[in-house]
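Each remark here refers to the structure printed beneath this line.
The values are calculated or read from the model by the stated rules, or taken from the named source; none is laboratory data. Everything numeric here is computed off the predicted structure, so don't read it as measured data. Here Cβ is always computed from backbone atoms with ideal geometry, including for glycine, and neighbour counts include all displayed protein chains.
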Amino acid sequence: MPTPTLIPVTPVPEEPVSCSTCSACCCQLEVMLITDTGVPRRFIDTDDWGGEVMLRLDDGWCAALDRNSMRCTIYEKRPLICREFETGSAECLEERKGISSIYV
């Protein structure tokens, strides 16, 4: 059996994620409120186990997300988990891949 020929593949660089290229993928994740950052009460919900989480609308998006700009309306008071989920981090890029595969 002949040995397969390996073809070198050059990875296509991904566009850097910034405020202008972000698709707010993380705004579809469940966000537990584990510290007090001043999130307005109208954006807080209780999960099935009694913990406080960010309220998500029927379509799964965070209630604090402005749908026109796709930016957080409570950015300065966002939960700790949102603060730690850095734009362009490995976790961010993984979520973006997951969301983009849904819409392909």
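List pairs: first in region 77-89 and under 18 Å from Glu52 (Cα atoms), second of a type in the set (S, T, N, Q) and surrounded by 13 or more Cβ atoms within 10 Å (Cβ to Cβ), Cβ under 9 Å, 6+ apart or cross-chain?
Lys77/Thr37; Arg78/Thr37; Pro79/Thr37; Leu80/Thr37; Cys82/Thr37; Arg83/Thr37
Please go through region 80-104 and pick out each residue that is at pLDDT 85 or above and either small (Gly, Ala, Ser) or over 16 Å from Cys25 (Cβ atoms) (or both).
Leu80, Arg83
Conditions: (1) in contact with a strand residue (DSSP E or B) (Cβ under 8 Å, 6 or more places away or on another chain); (2) modelled with pLDDT of 90 or more. Ile34 meets all but one. Number of the miss?
(1)
List the residue pairs whose Cβ atoms are under 7 Å apart, where the first residue sits in region 34-47 and is hydroxyl-bearing (Ser, Thr, Tyr), the second is surrounded by 10 or more Cβ atoms within 10 Å (Cβ to Cβ), and the two are 6 or more positions apart or on different chains.
These pairs meet every condition: Thr35/Leu80; Thr37/Lys77; Thr37/Arg78; Thr37/Pro79; Thr37/Leu80; Thr46/Glu52.
Filter region 21-67 down to the residues that are within 18 Å of the chain's Cα centre (by Cα) and of a type in the set (Phe, Trp, Tyr), then identify the one that is surrounded by the most Cβ atoms within 10 Å (Cβ to Cβ).
So the residue we want is Phe43.
Which of the residues belonging to region 68-79 are surrounded by 13 or more Cβ atoms within 10 Å (Cβ to Cβ) and assigned to a loop (DSSP other than H, G, I, E, B)?
Those that are surrounded by 13 or more Cβ atoms within 10 Å (Cβ to Cβ) and assigned to a loop (DSSP other than H, G, I, E, B): Met70, Thr73, Ile74, Arg78, Pro79.
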